[in-house]
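One structure below.
The values are calculated or read from the model by the stated rules, or taken from the named source; none is laboratory data. Every value quoted in this text rests on a predicted model; they were computed, and no experiment measured them. Glycine gets a Cβ as well: all are built from the backbone with ideal geometry, and neighbour counts include every protein chain shown.
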Amino acid sequence: MLIADYFRRRGLSGKVKIHLFTPEPQPMPVAGPQLGAAVRAMHESRGIEFHPLHKLAAVEPGVRELTFDNGQRFNYDLLVAVPPHRAPKAVVEAGLTNQTGWVPVDAHTLATNQNAAYAIGDVTAIPIPGRWKPDVPLMLPKAGVFAHAQAEVVAQRIVAEITGRPCQAMFCGDGYCMLEAGEDLAGFAFGNFFAEPAPNVQLRQIGKAWHVGKVLFEKWWLAPAGVRRSLIGWAVRTVGRLYGIPITL
Ligand SMILES: Cc1cc2nc3c(=O)[nH]c(=O)nc-3n(C[C@H](O)[C@H](O)[C@H](O)COP(=O)(O)OP(=O)(O)OC[C@H]3O[C@@H](n4cnc5c(N)ncnc54)[C@H](O)[C@@H]3O)c2cc1C
């Protein structure tokens, strides 16, 4: 959507076609069919053609051709692709990963099955209790917001281990995400991914406030410790409370 906005601002919308391919059946599948349909509609309303269930098998840069594992081919002028995602070699060689290729951890403490080792963020594999279809188990999505919350929990647990104090810190599966839509607008999805019988994730109507929230969040994240960071953090938390959104920084 940001790319579509870039071309729109340059007056090139009618001359450019944007296609989005994903191996997933819908955007944000863990958040459920309703939310996925809403995010897909956001893309399509900006003229972006959405192609679910397309797993990229090969890129032929010489002839600018993509091949998908369903055999379909597609030509492009400019490709923006997320490369294959896998655990670092050092983590695999340390024997921390399982058959998924990622590190299994306790969903709440982030402890691995090796003594005194924790894992957080994208390298982990965390099955979640809720499901949308009885026969389709779900994993916690890989997102920076989870890596961030997990880091806070693990930091507290390590401090407690060193100081010999008890520790109640637990990762509870809450997460949120601003969906930048271009034109200084964004949507906002948030909820609890450990909820049962299915993850409880809501999407708030697209608007300027979420875009401003994203800008502030980035400023907070990138600001060095100090008064400025505290003030931005206070502003984000206060606005979050006004909108009834549990934002932890
Ligand atoms: C296009 C895109 C958009 C995204 N948008 C969002 C979003 O809007 N919101 C959101 O919450 N998340 C988003 N994410 C996901 C988010 O970026 C990741 O979930 C997050 O960065 C994971 O953090 P991490 O610290 O676990 O891993 P990383 O950020 O991958 O950090 C791992 C680090 O380890 C380093 N490393 C690897 N191997 C070694 C080694 N052997 N020795 C030393 N260092 C090593 C790597 O260089 C890297 O710096 C997005 C991801 C992509 C690709």
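For region 1-43, which residues satisfy the criterion of being hydroxyl-bearing (Ser, Thr, Tyr) and more than 24 Å from Ala58 (Cα to Cα)? Break it down stepwise before answering.
Initially, region 1-43 is screened for residues hydroxyl-bearing (Ser, Thr, Tyr), giving 6, 13, 22.
Those that are hydroxyl-bearing (Ser, Thr, Tyr) and more than 24 Å from Ala58 (Cα to Cα): Tyr6, Ser13.
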Filter result (under 20 Å from Leu249 (Cα atoms) and part of a helix (DSSP H, G or I)) within region 176-212: Ala209, Trp210, His211, Val212
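Any idea how many residues of region 16-59 are at positive phi, touching a residue at least 60 places away in the same chain (Cβ under 8 Å) and touching an Asp or Glu at 6+ places or on another chain (Cβ under 9 Å)?
Step one: list which residues in region 16-59 are at positive phi, which gives 28, 32, 47, 53.
This time we only want the ones that are touching a residue at least 60 places away in the same chain (Cβ under 8 Å), so: 28, 32.
Filter again for touching an Asp or Glu at 6+ places or on another chain (Cβ under 9 Å), leaving none.
Residues in region 16-59 being at positive phi, touching a residue at least 60 places away in the same chain (Cβ under 8 Å) and touching an Asp or Glu at 6+ places or on another chain (Cβ under 9 Å): 0 in total.
Could you tell me whether any residue of region 152-175 is among the β-branched types (Val, Ile, Thr), assigned to a strand (DSSP E or B) and touching a strand residue (DSSP E or B) at 6+ places or on another chain (Cβ under 9 Å)? Don't jump to the end; show me each part of the working.
Going residue by residue through region 152-175, those that are among the β-branched types (Val, Ile, Thr) are 153-154, 158-159, 162-163.
Retained after the next criterion (residues that are assigned to a strand (DSSP E or B)): none.
So far as region 152-175 goes, no, none of its residues is among the β-branched types (Val, Ile, Thr), assigned to a strand (DSSP E or B) and touching a strand residue (DSSP E or B) at 6+ places or on another chain (Cβ under 9 Å).
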For region 34-51, give me each residue that is among the small types (Gly, Ala, Ser) and in a loop (DSSP other than H, G, I, E, B). Ser45, Gly47
Neighbours by Cβ (under 7 Å, 6+ apart or cross-chain): first from region 121-144, free of Cβ contacts under 8 Å to residues at least 12 places away in the same chain; second more than 16 Å from the ligand (Cβ to nearest atom) and assigned to a helix (DSSP H, G or I): none
Scan region 158-178 and give yes if some residue there is acidic (Asp, Glu), away from the ligand (no atom under 13 Å from the Cβ) and surrounded by fewer than 14 Cβ atoms within 10 Å (Cβ to Cβ), otherwise no. yes
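On the basis of being surrounded by fewer than 12 Cβ atoms within 10 Å (Cβ to Cβ) and not polar (S, T, N, Q), does Lys208 make the cut?
Details: surrounded by fewer than 12 Cβ atoms within 10 Å (Cβ to Cβ): yes; not polar (S, T, N, Q): yes.
Yes: the conditions hold for Lys208.
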Which one is nearest to Ala147 (Cα to Cα), of the residues in region 64-121 that are acidic (Asp, Glu) and more than 16 Å from the ligand (Cβ to nearest atom)? Asp106
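Name the residues in region 51-100 that are of a type in the set (Ser, Thr, Tyr) and assigned by TED's automatic domain parsing to the domain that holds Lys142, would you?
Within region 51-100, the subset of a type in the set (Ser, Thr, Tyr) is 67, 76, 97, 100.
The answer is Thr97, Thr100.
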Is there any pair linking a residue in region 223-249 that is free of Cβ contacts under 8 Å to residues at least 12 places away in the same chain and more than 17 Å from Ala209 (Cβ to Cβ) to one that is in a helix (DSSP H, G or I) and charged (D, E, K, R), with Cβ under 8 Å and at least six apart or on different chains, and which? Ala223/Arg229
For region 159-178, what are the residues that are more than 22 Å from Gly233 (Cβ to Cβ) and in contact with a Phe, Trp or Tyr (Cβ under 9 Å, 6 or more places away or on another chain)? Gly173
Just checking, how many residues over region 35-69 are in contact with a Leu (Cβ under 7 Å, 6 or more places away or on another chain) and more than 28 Å from Ala186 (Cβ to Cβ)? 3
On the basis of being under 17 Å from the mean Cα position of the chain (by Cα) and crowded, with 18+ Cβ neighbours inside 10 Å, does Ile247 make the cut? yes
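If you take the residues of region 124-150 that are more than 11 Å from the chain's Cα centre (by Cα) and assigned to a loop (DSSP other than H, G, I, E, B), which of them is nearest to the ligand (Cβ to nearest atom)?
The initial filter retains those residues of region 124-150 that are more than 11 Å from the chain's Cα centre (by Cα), namely 124-139, 148-150.
Now narrow it down to the ones that are assigned to a loop (DSSP other than H, G, I, E, B): 126, 134-135.
Values: Ile126: 12, Pro134: 28, Asp135: 27 Å.
Among those residues, the one meeting the criterion is Ile126.
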For region 1-33, how many residues meet the condition of being crowded, with 17+ Cβ neighbours inside 10 Å and part of a loop (DSSP other than H, G, I, E, B)? 5
